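Trainee: This is the structure, below, for whatever I ask next.
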Amino acid sequence: MDYLTLAKFVLGLTLLTLGAESLVRGAARLAGALGVSPLVVGLTVVAFGTSSPELAVSVIASLDHQVDISVGNVVGSNIFNVLFILGASAVVAPLTVAVQVIRVDVPLMILASILVLAFGWDKVISQWEGGVLFVGILAYTAFLIHRARGERNTVQEFEREFGHAASGFWQGLINCFLVGAGLALLVFGSRWLVEGAVAIARSLGVSELVIGLTIVAAGTSLPEVATSIVASLRGERDIAVGNVVGSNLFNILAVLGAAALASPYGLVVSESALRFDVPVMIAAAFACWPVFYKGFNISRWEGAAFVLYYFAYVGYLILAALRPQMWPQANSALLFFVLPLTVLTLGVILWQGVRDQGLPHRALRKNPP
């Protein structure tokens, strides 16, 4: 691996981060100046803007026929979001979980994760299946806007982040420039990131899928890292949870859907991803429900467990890529020790939640939305 390849990868990642920030700020201020409700902007441009790097990378990778990076980026980002970002945010400060997230958003995230396995079962996510996913994000966005209509806190969050929208010709011109510059940075940054990631994978002798699941996924999730940890430090802990769940839904429905639509042959899903990585993504989504339900919060020890599981997952990927002869031992440890222990732990957590809160309808009365 030469220094030029590494520089291209790092530069691409930097441009992606800057592009996402520029696009979100410019679009949010421009929409506000045009009279669009801050509520609508906050739930669309701002909420999904942190996932724009994933969208750019996966679509570019799909167009360049690097489908393993495209799929690995989405699956790896979702695993990273739940296990590392949510876990690290909870370690910083215990997180509060809104009842609405448990009742609606987490089940939708689980359903969307299962859809990836169902659509990819024949090893291809076709264009029409990508279309179904993309229609799903449109429906979810409409639902968010309807659900949050009249909620003043969303407007306050927008104004705290971006200030009151300023009107005027020059301000509008600046906002248009921010949007255009953000889009350009996303396009160039994603292309250089994909090219650098492919070259790194080849030089290290590992698959493009592994690079997509690890380096690319973590890199494109940097906006979510910043948003969730800063929100946790500020005490806005429900935002940290909502950001992760919303980003995961956007990654599957919008990013994977758009990537499948962009390719005339759909997205080829490798057998190894279907056998291991997609089930891990589904398991991470499922793990959220009992953890969230117990006390409507995520404690520090639960966050630390999430982070530990993420490092174990990455360690498994690296071991499988660099030491194939150790796959049988790693698989046995996963099947006969890690999975039973995880199921037992989640069962205990859920039982404690039911015991402490009572039946779900009683819990909702004690913790109104």
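Trainee: Among 8, 123, what is the fewest-to-most ranking by other Cβ atoms within 10 Å?
Mentor: Ranking 8, 123 by Cβ neighbours within 10 Å, fewest first, gives 123, 8.
Trainee: By counting other Cβ atoms within 10 Å of each Cβ, how are 298, 125 ranked from fewest to most? Intermediate results must be reported in sequence, preceding the final value.
Mentor: On the way: 298 26, 125 29.
Least to most surrounded, the residues fall as 298, 125.
Trainee: How would you rank 147, 275, 29, going from fewest to most other Cβ atoms within 10 Å of each one's own Cβ?
Mentor: Numbers: 147 14, 275 9, 29 23.
Least crowded to most crowded, the residues run 275, 147, 29.
Trainee: Would you please put 313-320, 259-266 in order of how densely packed they are, using the mean number of other Cβ atoms within 10 angstrom per residue and starting with the highest? Provide the component values of the computation, followed by the final result.
Mentor: Details: 313-320: 17.5, 259-266: 19.9.
Answer by packing, highest mean first, reads 259-266, 313-320.
Trainee: Let me ask another. Could the peptides 300-309, 205-214, 248-257 be put in order, highest first, of the mean number of other beta-carbon atoms found within 10 Å of their residues? Each step should come with its number before you reach the end.
Mentor: Numbers: 300-309: 17.7, 205-214: 22.8, 248-257: 28.2.
Ranked from most to least packed, the peptides come out as 248-257, 205-214, 300-309.
Where a number appears in this text, it was derived from the coordinates with a stated rule and is not lab data. Small disclaimer: the values here were computed from a predicted structure and weren't measured. Positions of Cβ are generated from backbone atoms using ideal geometry, with glycine treated the same way; all protein chains shown enter the neighbour counts.
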